[in-house]
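These notes concern the structure reproduced below.
The values are calculated or read from the model by the stated rules, or taken from the named source; none is laboratory data. Note that the structure is predicted; figures quoted are calculated from it, not measured. Note: ideal-geometry Cβ built from the backbone for every residue, glycine included; neighbour counts use all protein chains shown.
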Amino acid sequence: MNAASKPLLPRSAGLKAAPNRLAWADVDEKYLQKLARRAKEEDLDGMGLRNPPDHKGDRTVEALDLNGQGSASLVTRNPMVACGSGIIPFILNAFGGEATLETFVEDGDYLKSGFAMGQITGSKKTLLAAERSLLNFLQRLSGIATQTRKFTDLLEGGKPRLLDTRKTTPGHRVLEKYAVAAGGGWNHRFGLFDRVMIKDNHLEASKASAGEFLTELVLKAKARAPDLLIQVEVDRLEQIPPILKAKPDALLLDNFALDELKEAIRIIDSTAITEASGGITLENVNRYKDLDLDFVSTSAVVGQSAWSDIGLDWAF
């Protein structure tokens, strides 16, 4: 399901970047190691506490003196889109490294309840210590992928493609955006570094929210960042003509009523990428399906997703 990372739209004159779909190969292993290490430090070392414990580690396993080898299966408790098994080896390594994962699914697969996603075999100490952390990642990312699939299913057959936003959990953005891609969505910019996106507060700070000031501001951005895609957020129809004079790459149509959105699309007339955003939910996304839009974007794929229910069931 998860294709190699590539631009969604062809690069035309002036278009330096387009939305991508993250592949697992795009995720930095050092980033995954750091996340896994932090998970271990939280559970075993009390990371974040002003007064961390003097005696660290899994006190329950120590008290029970559990040793030897074990095996457990990752089992779905509800229907879901699978995502996140790639981080499990990093978690297991951080928690002792004496266990291995065999996966039975790929990210993006739709699974019914009661399906075995994979099996972990190795040290009982490692399995028991790592259980909660690996399930937390797997449940969170599968939940985002599942929520995204609900949106993409509702847009199926229409022109607009689904985009995520930067409204992600700090420190977990790449994984959460990857989960959106696994669910069939596309990734908007990853940070402030990869495009010029002129939003309402930039316009206010520049005192350029209307008329020729808008044209001049976009031209200035194009001249100073010729290697980047230039996108401008608008919330009124009258802002569009002066912005189009400067030939931006993309316009974000924010919180437009449906009739205004149709008029905005008519004015733009395919001279720039169009993106609708603001208040788009599962309950109303189908209203955008038949519009001549390139994208709809919503933070709901991450912010309103529920964790999937996955259990770690011991085989013996």
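Of the listed requirements (1) hydrophobic (A, V, I, L, M, F, W, C); (2) in contact (Cβ under 8 Å) with a residue 40 or more places away in the chain; (3) closer than 30 Å to V61 by Cβ, V105 misses just one: (2).
Among the polar types (S, T, N, Q) and within 15 Å of S305 (Cβ to Cβ): does that describe T121? It is false that T121 is among the polar types (S, T, N, Q) and within 15 Å of S305 (Cβ to Cβ).
So, of the residues in segment 81-110 that are surrounded by fewer than 18 Cβ atoms within 10 Å (Cβ to Cβ) and aromatic (F, W, Y), which turns out to be nearest to Q139 (Cα to Cα)? Taking the candidates together, the pick is Y110. Looking across segment 119-156, the residues that are aliphatic (A, V, I, L, M) and more than 16 Å from A315 (Cα to Cα) come down to A129, A130, L134, L135, L138, L141, I144, A145, L154, L155. Annotation: of all residues in segment 161-172 being of a type outside the set (S, T, Y) and closer than 15 Å to R21 by Cα, the one that is surrounded by the fewest Cβ atoms within 10 Å (Cβ to Cβ) is R166. Exactly one residue out of L228, L291 is surrounded by 15 or more Cβ atoms within 10 Å (Cβ to Cβ) and at pLDDT below 95: that is L228.
Per the listing L203, L217, the residue uniquely over 29 Å from the mean Cα position of the chain (by Cα), surrounded by 15 or more Cβ atoms within 10 Å (Cβ to Cβ), modelled with pLDDT under 95 and among the hydrophobic types (A, V, I, L, M, F, W, C) is L217. The single condition among (1) at pLDDT below 95; (2) within 21 Å of Q139 (Cβ to Cβ) that L49 does not satisfy is (2).
Restricting segment 133-150 to residues that are of a type in the set (A, V, I, L, M, F, W, C) and out of contact with any helix residue (DSSP H, G or I) (no Cβ under 6 Å at 6 or more places or on another chain), the residue that is surrounded by the fewest Cβ atoms within 10 Å (Cβ to Cβ) is L135.
Does G158 meet the test of being at pLDDT 95 or above, outside the structural domain of R38 (by TED's automatic domain parsing), surrounded by fewer than 24 Cβ atoms within 10 Å (Cβ to Cβ) and not β-branched (V, I, T)?
Taking the combined requirement at face value, the residue satisfies it.
Within segment 29-68, the residues that satisfy the criterion of being within 18 Å of A94 (Cβ to Cβ), among the hydrophobic types (A, V, I, L, M, F, W, C) and in a helix (DSSP H, G or I) are L32, L35, A36, A39, L44, V61.
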